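Notes follow once the structure below has been shown.
The values are calculated or read from the model by the stated rules, or taken from the named source; none is laboratory data. Just so we're clear, the structure is a prediction, and the values are computed from it rather than from any experiment. All Cβ positions, even for glycine, are placed from backbone atoms using ideal geometry, and neighbour counts span all protein chains on display.
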Amino acid sequence: MSEGTIILYGIPAYGHIHANLHLAGSLAAAGFRVIYYATEPFRPVIEANGCAYRPYSFRSGPPDLSDGKRILKLYRLLLQYTVEMLPGLMEDARRDTPCAVIFDSLALWGRIVGRLLHVPVFSFYSIAAIGQGGAGLWCYVSGFAGGFLRYAGELPRALALRRVLRKAGVRELGLLSVLMGTGDYNLMGYARQFQPGGARFGKSYYFLGPLAVYRTAVEENDFICPAGPLVYVSLGTIFNENRKLFREIVRQFGAGGQESDFPYRVVIAGTMGMTETEPLPENIIMRPFVKQAEIMERAALFVTAGGMNSIHEALYYRVPCLFVPGQGEQRVNAMRFETLGFGRILRNVSALRREAEQAMRLRRSWREPLREELLAVHMEEALTLFRGSRCDAG
């Protein structure tokens, strides 16, 4: 017997979608019909996790995900996408008659659909939140402030879009309300211990654990993972250009380089801004995309920007991290993992090898019970929430 229909409004980015797929798949396995909005590249993994894929219709074209670094532009775009898509999404939703709505905390349009339908609204956080008393705020501000004023010209356009939405009866359209959208229930895709100021988050926040680690994956590697221990380098799928770091990897990690006795093979995901013709030492493999879990199983170190899903996957496979954060959210994650003892932030790229070796040594002394707590998943708690809402009447 069907438990009812749930609509999930995602953000078409790997980090966001991978974070909530295990939740969506668990709801589908429990008997709910889950309709998942995204874009075509994510259709295979959404369907592999038991959900019904449905495409967004972005009139302005698909989102440029690098706008996540330009907060005022991102704010304006989220308002714009909402104005453009809301009529069509509402028409679909009235036909689907959902018993609940889940929206990525950035997917403003999903929150509004749920409110207008008067059904329970669940926000899902794939990024660390800013909590009561501004917990975590400074980390975000310090990571984004450099380009903030450069995009002040976005504000008049954002205000005009807000007026359009307010005429339709929509409220809570301030910067923080849009970028950190809350619902009747707020589902966090990580542990409370990971959240800065986590103890101050109230009863509407449910810390489900790092769900991305347990999703059904569909990607495959187009190379044979080398035998023996390796160093894995990935700065994510969006903010991944760092030519200086690449050159230091080649110089300090590459066979025949300045530090030619480096005892590890190196796998790099992405191009880091380099051309495909860039010569590589024989112990370095570079690919545009890799099946991360397979690489992580053999890694002695993960050099990462600090994306939420990736660092929890490293924790799952007991791989210490060396962080090279590129924006505010990544800095929050890196600082938190450094505080917890599972990684360190790179301070001097010219001393990359020395700092990498220091990060690897963390494995000897980190607290295993804490690692297990950070990886615990509380899926039954989430299922109980949905069954206890109007969804049990489906």
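In the condition set (1) of a type in the set (S, T, N, Q); (2) at pLDDT 85 or above; (3) out of contact with any strand residue (DSSP E or B) (no Cβ under 8 Å at 6 or more places or on another chain), residue 237 is compliant with all but (2). Which members of region 1-29 meet the condition of being outside any helix (DSSP H, G or I) and either among the aliphatic types (A, V, I, L, M) or without any contact (Cβ under 8 Å) to a residue 40 or more places away in the chain (or both)? Correct list: 1, 6, 7, 8, 11, 13. Checked against the criterion of being closer than 22 Å to residue 209 by Cα, under 19 Å from the mean Cα position of the chain (by Cα) and either buried (at least 22 other Cβ atoms within 10 Å of the Cβ) or without any contact (Cβ under 8 Å) to a residue 60 or more places away in the chain (or both), region 343-360 has at least one qualifying residue.
Of the helices (runs of 4 or more DSSP H) lying entirely inside region 279-371, those containing at least 1 residues that are at pLDDT 90 or above and charged (D, E, K, R) are 308-316, 328-340, 352-360. Among the residues of region 36-50, at least one is surrounded by fewer than 24 Cβ atoms within 10 Å (Cβ to Cβ), over 22 Å from residue 170 (Cβ atoms), among the hydroxyl-bearing types (Ser, Thr, Tyr) and assigned by TED's automatic domain parsing to the domain that holds residue 385. With respect to the conditions (1) in a helix (DSSP H, G or I); (2) surrounded by 15 or more Cβ atoms within 10 Å (Cβ to Cβ); (3) not assigned by TED's automatic domain parsing to the domain that holds residue 187, residue 383 falls short on a single one, namely (3). Do you know which of the residues in region 1-34 that are of a type in the set (Val, Ile, Thr) and buried (at least 21 other Cβ atoms within 10 Å of the Cβ) is nearest to residue 88 (Cα to Cα)? Looking at residues that are of a type in the set (Val, Ile, Thr) and buried (at least 21 other Cβ atoms within 10 Å of the Cβ), I get 7.
Which members of region 37-51 meet the condition of being assigned to a loop (DSSP other than H, G, I, E, B) and among the hydroxyl-bearing types (Ser, Thr, Tyr)? Selection gives 39 alone. Only a single item in (1) out of contact with any strand residue (DSSP E or B) (no Cβ under 6 Å at 6 or more places or on another chain); (2) in the same structural domain as residue 383 (by TED's automatic domain parsing) is not met by residue 185, and it is number (1).
Criterion applied to 100, 129, 107 was being at pLDDT below 90 and hydrophobic (A, V, I, L, M, F, W, C), and the one residue passing it is 129. When 334, 269 are checked against the criterion of being surrounded by 23 or more Cβ atoms within 10 Å (Cβ to Cβ) and within 19 Å of residue 367 (Cβ to Cβ), a single residue qualifies: 334. Looking only at residues in region 106-129 that are of a type in the set (A, V, I, L, M) and part of a loop (DSSP other than H, G, I, E, B), the one that is nearest to residue 5 (Cα to Cα) is 119. Only residues that are surrounded by fewer than 19 Cβ atoms within 10 Å (Cβ to Cβ) and modelled with pLDDT under 85 were counted in region 70-86, giving 0.
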